[in-house]
Every structure is written in C-alpha cells, then in structure tokens.
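What follows is a single structure, written as structure tokens, with notes after it.
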Amino acid sequence: MQKNLKTILKILSDGKHHSGANLGNQLKLTRSAIWKLIKQLEKCGIKIEAKTNLGYRIPSGLELLDKKNILKYLDKKNQTVANKIVIFDEVDSTNNFLATQKKTKYKICFAEFQSAGKGRLGRIWVSPFAQNIYLSLLQQFTLKPHELSSLGLVIAVAIVGALKKYGIKKGIGLKWPNDILWDKKKLAGILIELSGETHHIYKVIIGIGLNVNMSQESGKKITKSWCDISQITKTKPKRNKLAGLLLNHILVAIADYQKNGLAQFIKKWQKLDTTYGKKVTLITPQRKIKGIACGIDKNGYFLLKDNTGKLQTFASGEVSLRIS
Ligand code: BTN
C-alpha cells in the first residue's frame, strides 16, 4: 500500500472524525488529493463516512494487524517464529506468497487484504481490507501426500481451540473436510496446498480464512450462508488477539500432530461433527452421491452410507459435502 494511503488509514483507524483540511495538513497534500486517497481506500472495501463540517470517519474504527500485539498471544516456545512472520497490507493471496517466495525467508504470512483470495475447489475467498483474518503457514512434512489429506482436520480442531480460548464456548461445529461453522453458517475455512518436495520432504501451505468483522457489502459477495465473530460475540472483535490465538493454537497442533499423530485430533473432530447421521450429498468432480453421513474413520476419511446401504470412504481432495 502506498505510503500516503497507509498514513491516512492509520489516522482514520481511531474511528473519530478528521477534516479534509486537517488530513491535508498532516500529509502535506491538498484537500482534493485527500479526497482521491479516500476514494482509493473505499475501493479496498473500507467504509468511510464523509460529513460536511466534520470530515471523514471510519465508523467504529479499524484494528490493524500488528506483529508485537499478535506475539503477545503466543506461548513462549512459539515466540521463536517472530522473525518468520510477515504482515502485508495487500497481497494476491497469502498462500501464493508463501508458495512462490524465492528463499524461505517467511513461514507465516498475514494480510489485511487479498486481491485474489482463494477458497477450496477453485472458489474465491472474499478478502476485504482489515475486516477478517487471512493467514498462511508454510510447513515441511515427511508424511506422504495421502497421509497429509487429514492435516485439514488437525487445523480445524486447532481453530476451534483458538475460538474457545477467545471466548466462543457454544455453537461451533465442523463440516468435513475443512469448514468451521457457527450455528450452521460458515465462520472459517482452510485451504491446504502442496507446494513442493525435496528428498521426500513435502512443503505444505496451510491457509486459513476467518470471518471477523465482515461488512454487509462484502458479505453480499459470499454465495453461501456465512457468519463472523462480531455476529457471534455482539462486540467489536479484537483482530490481533484472534490472529495471535489462531497462530498459537495452530503451531501447537502441528507440533503435536508431528509428534503424536492423528488419533487425538480425530476424537476431538468427531465431537464437533455437525453432519453425523444426517442425509447428505457428496459431490465429486465425476458424480453426486446421496446417503447418510457416518462420520470419519481413523485416517480422517469421510464415511457415507449410500442408498444401497454400502459404506463408502472418501478422501478430502476435490470433494465437497452438502446437507441434503
Ligand atoms: C475454503 O473454505 O474454501 C478455504 C478458504 C481459505 C481462505 C484462506 S485466506 C488465507 C489463505 N489465502 C488464500 O488465498 N486462501 C487462504
């Protein structure tokens, strides 16, 4: 983000009114140049109110991501990741950034805005400025790709842990493979991508999108039913706290998974399963299969009793699940 835009955003993030003249003085720009900057901010999805005599204001202000603040929520042993974290104002996709950086300088990437946020199955992930959390981690695993298909379940359980720690004790559930729901509405999603392999060590990018404080305008772009933290808690969300808790729980979960395996995560996941025993439709690139959801097995594969009574097993891959 251009320096002037960032400066004006920082000033307006307090939620108070700032006149065009006052902003002009601070940035050493004319009022019409300030007006142009305001229009650019609006293009990023930031809602700015303009009132005659009072000036510009971001209603209820903005909490921008801040590394120091995020680090406050990491366990002591996780503080070592500090210099591996990068926070962008704008990036195409935090997953893409980690997958394509030349040297592995960064392993954790947050962004305020994604111009090409990606969801599973080629979908778009709506990523307006400073409203939600977009986080990616680069991790190396010696596990084979088919063993890694369960990694999403580990991350989902970790996200639920972070949300509980934040204070959301009720209403959270999971939908296989990677959806975090609240009251049946999508709150967060996970996109796992394999980015390379050397000597049987796999580089994996784990992307997490958490809806925090989505404006109605941005929410209109989402085709499925969704919710965000502000709807759940009915208070102004603390983005840095959420970002820190998320990161900490994910780092702890990955270490635990590498050391002790999947079993404990499967148990936790099963307790959060929102589709167990329900009529569902499983959609693969080739076909749609209707049946009854029978949970997940010890490898994290989905179990579906089809209409002939046969139990079928599915790995996450290109599959999506709908409650019929
Ligand atoms: C889904 O449920 O479809 C997965 C959504 C994953 C979105 C996150 S936001 C951070 C990271 N960067 C991306 O482009 N996508 C993931």
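The values are calculated or read from the model by the stated rules, or taken from the named source; none is laboratory data. All figures in this text were calculated on a predicted structure; none of them were measured in a lab. So basically every Cβ, Gly included, is an ideal-geometry build from the backbone, and we count neighbours across all protein chains shown. Surface areas here come from the heavy atoms of the whole protein model, side chains and all, with no ligands, DNA or RNA. Shrake-Rupley method; radii C 1.70, N 1.55, O 1.52, S 1.80 Å.
Working only within region 201-236, note down all residues that are away from the ligand (no atom under 14 Å from the Cβ) and without any contact (Cβ under 8 Å) to a residue 60 or more places away in the chain. Scanning region 201-236 gives GLN216, LYS220, SER230, GLN231, LYS234, THR235.
In region 279-324, which residue that is among the small types (Gly, Ala, Ser) and in contact with an Asp or Glu (Cβ under 9 Å, 6 or more places away or on another chain) is farthest from ILE155 (Cα to Cα)?
Ranking the qualifying residues of region 279-324, first place goes to GLY291.
Candidates are the residues of region 184-212 that are outside any strand (DSSP E or B) and modelled with pLDDT of 95 or more; the one that is surrounded by the fewest Cβ atoms within 10 Å (Cβ to Cβ) is VAL212.
Among the residues of region 166-183, those identified as more than 13 Å from the ligand (Cβ to nearest atom), crowded, with 16+ Cβ neighbours inside 10 Å and of a type outside the set (A, V, I, L, M) are TYR166, GLY173, TRP182.
Tell me the helices (runs of 4 or more DSSP H) entirely within region 27-127 that contain at least 2 residues that are open to solvent by 70 Å² or more (accessible area, probe 1.4 Å), within 15 Å of LYS6 (Cα to Cα) and without any contact (Cβ under 8 Å) to a residue 40 or more places away in the chain. I'd like the intermediate steps shown before the answer.
Working: elements: 31-43, 67-71, 94-100.
Output list reads 31-43.
Scanning region 129-160 for residues that are within 11 Å of the ligand (Cβ to nearest atom) and assigned to a loop (DSSP other than H, G, I, E, B) yields one hit, ASN132.
Would you confirm, using the coordinates I've provided, whether TRP182 is touching a strand residue (DSSP E or B) at 6+ places or on another chain (Cβ under 9 Å), touching a residue at least 40 places away in the same chain (Cβ under 8 Å) and under 23 Å from MET214 (Cα atoms)? Yes; evaluated as a whole, the condition is true for this residue. Do you know which of the residues in region 117-128 that are touching a strand residue (DSSP E or B) at 6+ places or on another chain (Cβ under 8 Å), more than 6 Å from the ligand (Cβ to nearest atom) and farther than 14 Å from ASP89 by Cβ is modelled with the lowest pLDDT? Once the filter is applied, the top-ranked residue is LEU121.
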